[in-house]
Structures are given as structure tokens and as C-alpha cells.
1. I need the strands (runs of 3 or more DSSP E) fully contained in segment 1-109, keeping only those with at least 3 residues that are among the charged types (D, E, K, R) and in the same structural domain as SER272 (by TED's automatic domain parsing).
2. Which numbered condition in (1) more than 20 Å from ILE76 (Cβ to Cβ); (2) under 43 Å from the mean Cα position of the chain (by Cα); (3) of a type outside the set (Phe, Trp, Tyr) is the only one that ARG38 fails?
3. Mind listing just one residue for me: the one in segment 213-254 that is without any contact (Cβ under 8 Å) to a residue 40 or more places away in the chain and in contact with a Gly (Cβ under 8 Å, 6 or more places away or on another chain) and, of those, surrounded by the fewest Cβ atoms within 10 Å (Cβ to Cβ)?
4. Against the definition (among the basic types (Lys, Arg) and modelled with pLDDT under 95), how does ARG234 come out, yes or no?
5. Tell me yes or no: at least one residue of segment 278-288 is more than 16 Å from ALA106 (Cα to Cα) and surrounded by 15 or more Cβ atoms within 10 Å (Cβ to Cβ).
6. What are the residues in segment 178-201 that are touching a Gly at 6+ places or on another chain (Cβ under 9 Å) and more than 22 Å from THR216 (Cα to Cα), if any?
7. Here's a check for you: in segment 117-164, which residue that is among the hydroxyl-bearing types (Ser, Thr, Tyr) and closer than 16 Å to ALA96 by Cβ is modelled with the highest pLDDT?
8. Which one of these is charged (D, E, K, R), modelled with pLDDT under 90 and either touching a helix residue (DSSP H, G or I) at 6+ places or on another chain (Cβ under 8 Å) or surrounded by 11 or more Cβ atoms within 10 Å (Cβ to Cβ) (or both): ARG54, ARG86, ARG95?
Amino acid sequence: MPPPNWLRAFEVAARHCSFTAAARELSVTPAAVSQQIRLLEHHLGEPLFQRFPRRLELTSAGTAYLKTVSEAFARIAAGTDEIFSRARDALVTVRADLAFSALWLAPRLAGFHAAHPKVELRFSHDIWAHNAGDEVVDLEIRSGFGQWVGLEGRRLGAETLFPVCAPALAEQLREPGDLAGHTLIEVIGNAAGWSHWLVAAGLGEIELQRGPRLDTSVVAQALAERGMGVVLARSPLAAQALAEGRLVQPLALQIDSDEAYHLLRPASRELSPGAQHFHDWLLAEAAV
């Protein structure tokens, strides 16, 4: 079997009937193309081209061999596309907010995999700061107000903010003023926090015990579940813990949040079939 680079040089040169044009397509010099074809001819034992001062012509052997070589490259290309483009379509890379993935998405993912077992999901979270923005992703889940350049977004439901805590601690909280003397766990980075809820509850001037300040609701809710204090929860992130009784909402007051989680997709390209499946499933889940 001749080396593949000799065969490729022959196929391109025969298609163009020009070593110069073949060199441009292959990003090499005309001399390199000519050398590879001479080596191929020596290997095969007869010429493939008739060389004239200003043109090339295929010999009868070259014409016959071109059909075989072209068909072989076409079969390799088709096989590569069939096997590996399908695999790429099945892999969906999602960059997501860590709290959303852990507290909202993870309890639901089994349902997606049951419906689409051939779609492979790869999640990337901002805990690895040096990776942020470097990788090409199919979809993103971000918290914010819904305006990002180059991305199309769908809001994943409305959000409210309200206090949650462990069941044992909830027994001590009958009205907003009972928060005095209890530890308030703060999640930083959100547009609205404890100060907004306390003002809405008429407690703007009350002396309160501030607790840990955390950058993710994952840890904040874990501390609240263990009775360390009260956290102001975002409704989608606390829903699972409330349903399972790990957290309770001791006070009825809820305030609306201008922020929400959004499902984002690149505006400049179509989604792969796998990404489209996940996109549609996520919107349907959020609408329930």
C-alpha cells in the first residue's frame, strides 16, 4: 500500500491537473507535490501523468487509478462523518451555575437520561476559573436579568425570595421579628438579599446577627439544613429540599426577584440534535 500522503497528492493533482493548484489545496509547495507523485510512480512502477511544458495529463493507468483512489477517500470521509459526527452530535456541553446544577437540575436529570439515553451531557461549572470562557459550549445556564451579547435566552420561570431553615429552628420563628438573635446566612452575588427582604418585612432597623457570607447557595442551604441559621432562599433552588422536608419556610412573606435563571444558546449557530433535545426538555421541566 502506498503511503496515504502520496495518494492524497495524486488525487488532488489529478483533480486539478496541476501541481501548483494541488499545492495550494494541500498547503505545501509545488515541488513537494511533484516529489510525492514521483515517489508514488516509482512505487507503482509506471507513470501516472504525462508532463508537458504548461500542462499535465493523466496516463491511462493514472485515469484508472484515480477512480480507485477517489472512491477510497470518499469512503473514508463518509465513514468518518457517519461514526464521529454522530458521536459529536450526541455529546452536549453545558456550562451551568453550580447551585442550579446541584439543587435544581440534578434531581431531574434521571428523567432526561431515561428519555434520551444516547445523549451524553458534559457539565462545566465556574468553580474552575481558569477554564471559564475557554471552551466551546452548546448551552449555558446563567443567573441574571436576561441580556447577554451573542446569546439567545429563555427564562426558566419566575423567582421569589423567602427565608428557609431546619425544621427544629423553624419552631422558634412565628413572625419576622423572631429573626432577631438568629444567624442569617447570606449568599453574596445576588442582586437582592436579606436587606431587601427585611425592609419588605418592616425590619429595616432591627438588630440582627449576621452569619457566614457564601458565594453559592449549595453551601448556604447545607448549613441551614444543619441548623446553623436561616438563609434567604431562591425559590427554584430550595424547592427540592422543601419537598423532602430537609428545609422549611417558617415565614410566609416572599418577595419577587428581578433575577432568574436563563437557558442560553449561541445566536450564531444551530443546535445539534442532542443539544436541541436537552434545550426543549429543560424548558418543559421549568414550566412544570
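1. none
2. (2)
3. ASP215
4. Numbers: among the basic types (Lys, Arg): yes; modelled with pLDDT under 95: no.
Considered against the rule, which asks whether it is among the basic types (Lys, Arg) and modelled with pLDDT under 95, ARG234 comes out as no.
5. Checked against the condition, which is being more than 16 Å from ALA106 (Cα to Cα) and surrounded by 15 or more Cβ atoms within 10 Å (Cβ to Cβ), segment 278-288 yields no hits at all.
6. Across segment 178-201, the qualifying residue is only ALA201.
7. Going through the qualifying residues, I end up with SER143.
8. Details: ARG54 fails: either touching a helix residue (DSSP H, G or I) at 6+ places or on another chain (Cβ under 8 Å) or surrounded by 11 or more Cβ atoms within 10 Å (Cβ to Cβ) (or both); ARG95 fails: modelled with pLDDT under 90.
Within the list ARG54, ARG86, ARG95, the selection yields ARG86.
The values are calculated or read from the model by the stated rules, or taken from the named source; none is laboratory data. Every value quoted in this text rests on a predicted model; they were computed, and no experiment measured them. Cβ coordinates were reconstructed from backbone atoms using ideal geometry, including for glycine residues, and neighbour counts include every protein chain displayed.
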